[in-house]
Amino acid sequence: MRVTEKEISAMKFLRTYCSLFTLKGMKKILNESGIPATLDDTRDFLEGNPNVLALNNSRYITRAGAFSHEIFSILPTAREFEQGVFIPGSRCMPFVDSDRISSLFSFYAGDKKLGRKLAEFDSDDAIDMFLMYGEEYAPQYISADPANADLDMVDRNFELPAKVKLTGIDISYLKQKFGFKKGDRILCCVTDWDAGRINIAVSRTSVNDFDRGEIGEMRLGWYALLEKYLLESFERFGPQATIEDQLTKVMFEHRQKLCVPYCGSVEEYISTYAKKVGLQHYGVETRLWYKDQDVPAFGKWNITEYRAHAKSVSAFPLKDFLLAAVPDYVMDEYVADGFFTRSKNIVSDVIDSLCQGEVTLDDEDISALSLNLKGRGDIISPAYNWFSDQVLGPVRHKALSLFGKINMLVTKADYYGAGAETPFQQDLVILSQLYSHLLRMIETIAFDAEAESGAEAFLLSLDGMEWNFEDIEDSVMASIEKARLASFKVVQHF
């Protein structure tokens, strides 16, 4: 993304600072770094940053501050032990930076850095090691491992082969120095969140199912506590944006009781000890939720706020929200698309795409949009090269075409408050997820210098998004229409 050195410095602060800080304190840091920011700007900056947790009374803490030096554990499988490795995968979640490829974390036993070693696993076993990212994303994380550099997921339609190689952490030193045995557990704590440094120790584990010993019994109590706190989080907060976000709330709030030397692990809990919690489908994604129950989009945690929002926005024309919701970088890509297609009227093309023939703009709206696009075109035009855009150009064009359709329905659903009392909640969830996935793709096209290498994968992904959208389009439109009609009041005249 195009960020200044000043912004990079501010982001570095949010990756390394480990104490509580306030909104006013962060505003001062930004201002002293040369970034002019009001309190509202600072709040938006913090609450839009995935590395920051918002607390009460305008206080915040970074993920580095929340989870550094807290204890979690990994229990290597029999297959891992046989090959002399353990695979970090998603097993360090939520204590680490999940954007970092797990094989690149550095593990230390005292001052000794453990080496890396390749190992081979059945694909199903490999997916289990990445399951907390969501089963739908696990193949992407596995294919991102350098050990699978020759694995062409596009050619395989994003399906893994029967066996895959993974980069693991070599445990031979643990065997030699500490007598690490099959069934023993690895205790971990993050000592440098930004650098991905994790210190470890060996924890003996009884393998006798009939006599677990004192520590084993305490660990069973740990699993019961984890379930209790997860169920409470469902009631209070509902399903979070990701599994990681759900675990973050639980682990941070209850770290004094969960981050303890006799702790178990989340993946063991889900696979073996969970009674009332499971991994459930949520649209096209996965969430932690009540076992064997559909994950709802609405509940007491958000329904009042959602209705109030729909009521407030419906006081203004729909067109005011349709264009305002489009990020600046998407508008830039519309301009670039106009250059690519050699459009004779970019303004008209943008209106056709975003308004979908359903919303009419007045002369003032069109004039403002024209000035906006012209200004962006003046900036983009000098650097634009039509010949070098032949790979990403078709991807961008297809993505924007789908974005126009999805953005229209997302805006209308938000405007009319569709979804709260509809049997098609899951379809509205899928719509929202498609919108988010598409925005991330367009953002990658706009800012990632290596985006061209993923063009083929983008096109395949867009095909999947189009199919998903076509599956839900009619039911979403019906939900919107029902909400729209409900927004009118019948006035009787006597």
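Key figures for this structure:
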{"quantity": "13 Å reach of a label modelled at T191, 7 Å along Cα-to-Cβ, counting backbone N of segment 65-106", "calculated": "69-70, 106"}
{"quantity": "R15 versus D122: modelled label distance in nm, points set 7 Å from Cα along the beta carbon direction", "calculated": "3.9"}
{"quantity": "Selected from L460, V359, G417, residue furthest toward positive end of dipole (segment 351-494; charges at beta carbon)", "calculated": "G417"}
{"quantity": "Value of Rg/Rh across segment 309-402 [Cα atoms, Kirkwood radius]", "calculated": "1.01"}
{"quantity": "Relative intensity, log₁₀ I(q)/I(0), of the chain from a Debye sum that treats every alpha carbon as a point, q = 0.06 Å⁻¹", "calculated": "-0.33"}
{"quantity": "Farthest positive-ward along the chain dipole, Cα basis, beta-carbon charges - from M93, V260, A446", "calculated": "V260"}
{"quantity": "Gained length - F178 relative to W301, 0.36 nm times residue gap less alpha-carbon distance", "calculated": "39.5 nm"}
{"quantity": "Test item: Cα-centred dipole of segment 73-125, Lys/Arg +1 and Asp/Glu -1 on Cβ, debye", "calculated": "320"}
{"quantity": "Restricting segment 235-299 to trypsin sites (Lys or Arg not before Pro) in coil, as DSSP defines it, with at most 16 other Cβ within 10 Å", "calculated": "K275, K276, K291"}
{"quantity": "Above-threshold pairs, the threshold being 20 Å between Cα atoms, out of K228/K257; K117/K181; K257/K291; K374/K405; K113/K175", "calculated": "K257/K291; K374/K405"}
{"quantity": "Gain upon complete extension [E456, K276; 0.36 nm per residue less C-alpha separation]", "calculated": "60.7 nm"}
{"quantity": "Net charge dipole size for segment 282-416 [Lys, Arg +1 and Asp, Glu -1 on Cβ; Debye, nearest 20]", "calculated": "360"}
{"quantity": "Net length gained if the chain between L220 and D389 were fully extended (0.36 nm per residue, minus Cα distance)", "calculated": "55.1 nm"}
{"quantity": "Cross-link reach list, aspartates and glutamates versus K276, counting only Cα pairs under 16 Å and skipping chain neighbours closer than eight places", "calculated": "E227, E232, E235, E267, E268, D292, D294"}
{"quantity": "Protein accessible area in the chain, 1.4 Å probe - carbon and sulfur %", "calculated": "52"}
{"quantity": "Cα-projected label distance for S381 with L55, points at 7 Å along beta-carbon direction, nm", "calculated": "5.2"}
{"quantity": "Size of electric dipole in the chain: Cβ of Lys, Arg +1 and of Asp, Glu -1, about Cα centre, debye, nearest 20", "calculated": "2040"}
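The values are calculated or read from the model by the stated rules, or taken from the named source; none is laboratory data. None of these values were measured; they are calculated from a predicted model. Cβ: placed from backbone, ideal geometry, glycine included. Neighbour counts: every protein chain shown. Accessible surface areas use protein heavy atoms only, side chains included; no ligands, DNA or RNA. Shrake-Rupley method; radii C 1.70, N 1.55, O 1.52, S 1.80 Å.
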